[in-house]
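First up is the structure itself, then whatever we jot down about it.
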Amino acid sequence: VQLQASGGGLVQAGGSLRLSCAASGNIFSINDMGWYRQAPGKQRELVAAITSGGNADYADSVKGRFTISRDNAKSTVYLQMNSLKPEDTAVYYCNAETPNGTHYWGKGTQVTVSS
C-alpha cells in the first residue's frame, strides 16, 4: 500500500485547509484510514480516523473544527480543517491500517498556521 498526501501549506489563524491522501497498491487490504500529526519536539498523535464504513473519531483538540471523510471508490481520505489555530502547526501524516494491525504511512505534509 502506498499513500500520497497533499494539501498542506501556510494559513493564517482562523483559516482553512483541506488535506487529501490517495491510497494505491493493495487497497483492498485497508480497513481504517486516518491522519496523525507531529509538532516539533512532540510525539506523533492521532488527529482523526475513519473506518471503511464511515465511522469517524477525533482527537478532543480538533473536535468541531476538523472533519474526516473518505471516498472508498477513489481510495482517498480527506481532512477538512477549519478554524485553524497556531497549535495545529505540525507535519500531518496519512495512515492506513489493515485488519491484522499493519500500518502504512504516507510522507508527511507540513501545515503551518500563523498567528
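The values are calculated or read from the model by the stated rules, or taken from the named source; none is laboratory data. These numbers come from a predicted model, not from an experiment. Every residue, glycine as well, gets a Cβ built from its backbone with ideal geometry; the counts of neighbours run over all protein chains shown. With ligands, DNA and RNA removed, areas are computed over all heavy atoms of the protein, side chains included. Shrake-Rupley method; radii C 1.70, N 1.55, O 1.52, S 1.80 Å.
Summary table
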{"item": "Neighbourhood net charge (9 Å Cβ-Cβ; Lys/Arg +1, Asp/Glu -1) for Y93", "result": "+3"}
{"item": "Sequence of V11, V62 when ordered by accessible area, the most exposed leading, probe 1.4 angstrom", "result": "V11, V62"}
{"item": "Accessible area expressed per residue, the chain, with surrounding protein chains retained (probe 1.4 Å, Å²)", "result": "53 Å²"}
{"item": "Table column - 3J(HN,Hα) (Hz), region 101-115, Karplus curve with 6.51, -1.76, 1.60, x for Gly and Pro", "result": "x, 6, 9, 10, 10, x, 5, x, 10, 7, 10, 10, 10, 8, 8"}
{"item": "Exposure of D71 as accessible area (Å², to 10), given a probe of 1.4 Å and all protein chains", "result": "50 Å²"}
{"item": "Against the rule of thumb 2.2 N^0.38 Å, how large the Cα Rg of region 49-115 comes out", "result": "1.20"}
{"item": "Inter-label distance, nm, simple model (7 Å from Cα along the C-beta direction), H103/S24", "result": "2.4 nm"}
{"item": "Among R37, R70, R18, residue whose mean-square fluctuation peaks in a GNM of the chain (springs only between Cα atoms under 10 Å)", "result": "R18"}
{"item": "5 Å binning of all Cα-Cα separations within the chain, expressed as whole percents from 0 upward", "result": "2, 13, 25, 26, 18, 10, 5, 1, 0"}
{"item": "For region 73-84, 3J(HN,Hα) per residue [Karplus equation, 6.51 cos²θ - 1.76 cosθ + 1.60, θ = phi - 60°, Hz, x = Gly/Pro]", "result": "5, 9, 6, 10, 10, 10, 9, 8, 10, 10, 6, 5"}
{"item": "Per-residue ³J(HN,Hα) for region 38-51, Karplus 6.51 cos²θ - 1.76 cosθ + 1.60, θ = phi - 60°, Hz, x for Gly and Pro", "result": "9, 8, x, x, 10, 7, 5, 10, 6, 9, 7, 9, 9, 7"}
